[in-house]
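Remarks on the structure that follows.
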Amino acid sequence: MDDGAPYETQRTVQRYLSQETRHNVLQVVLGHPAHLVSITEFDYYVPKSRSTIREQLGDLAEHDILAQYHHEPNADVRDIPADFWELTPFGVDLLAEYNYLRGLPIMRAAHDATHKTETVRRHEDAPRPALPEPVREALAYDEPTESDETVDASSVAELRAETFYADAAPADPAVLNEGADGDRTLDELFE
């Protein structure tokens, strides 16, 4: 057996996951508050055509990384999605193995900070099916609370006052020549 085979497999999987559109699709699923994403949401967040996104969703589904779920209660309701894409248990395990899950809080923060159209907000707020238990548990993390995010204004001002900027000019330029041969100009230093 070839000793390089496991490394080649890892390289192949990493190449597969990091393909631009697939990578963006996975990042959207990880960053979504419910981890269940409609095609309209993918279309908004992934800068590719809808057909390219659908092609990559199909490819990820063929590899059992993502699965499409139909939420029947939404089927007859206008302007909200009934079909959603989510990670499978295998997909979660694979992404965990390749350290994609470490970025969950960052992806969520980026998702929350992104401006959304009314349609995207409506799709994001639509009722969804429940995530399978192993997927839900793997994607759970301690989300920050309001109190965690508030910062005392005086502590920010104090931090700014104490911050040392290494590339900032000194308040008194004369200190640059301390211990030197007098007050030489910049041109004189490079003669």
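The values are calculated or read from the model by the stated rules, or taken from the named source; none is laboratory data. None of the values given here were measured: they were computed from a predicted structure. No Cβ is skipped: glycine too gets one built from the backbone with ideal geometry, and neighbour counts run over all protein chains shown.
Of note:
- Conditions (1) at pLDDT 90 or above; (2) among the β-branched types (Val, Ile, Thr); (3) loosely packed, with under 11 Cβ neighbours inside 10 Å; number of the one not met by Val151: (1)
- Condition check for Ala110: aliphatic (A, V, I, L, M) and more than 24 Å from Pro134 (Cα to Cα): yes
- Looking only at residues of region 98-124 that are under 22 Å from Glu143 (Cα atoms) and among the acidic types (Asp, Glu), we find that the one that is modelled with the highest pLDDT is Glu124.
- Matching helices (runs of 4 or more DSSP H) fully within region 1-61 where at least 2 residues are more than 21 Å from Pro132 (Cβ to Cβ), touching a residue at least 40 places away in the same chain (Cβ under 8 Å) and assigned by TED's automatic domain parsing to the domain that holds Leu131: 5-17, 39-45
- Note on region 85-133: among residues that are in a loop (DSSP other than H, G, I, E, B) and among the aliphatic types (A, V, I, L, M), the one that is surrounded by the fewest Cβ atoms within 10 Å (Cβ to Cβ) is Ala130.
- Pick from region 34-69, criterion hydroxyl-bearing (Ser, Thr, Tyr) and over 18 Å from Asp125 (Cα atoms), ranking: surrounded by the fewest Cβ atoms within 10 Å (Cβ to Cβ): Ser51
- Filter result (out of contact with any helix residue (DSSP H, G or I) (no Cβ under 7 Å at 6 or more places or on another chain), under 15 Å from Arg22 (Cβ atoms) and of a type in the set (Asp, Glu)) within region 60-85: Glu62
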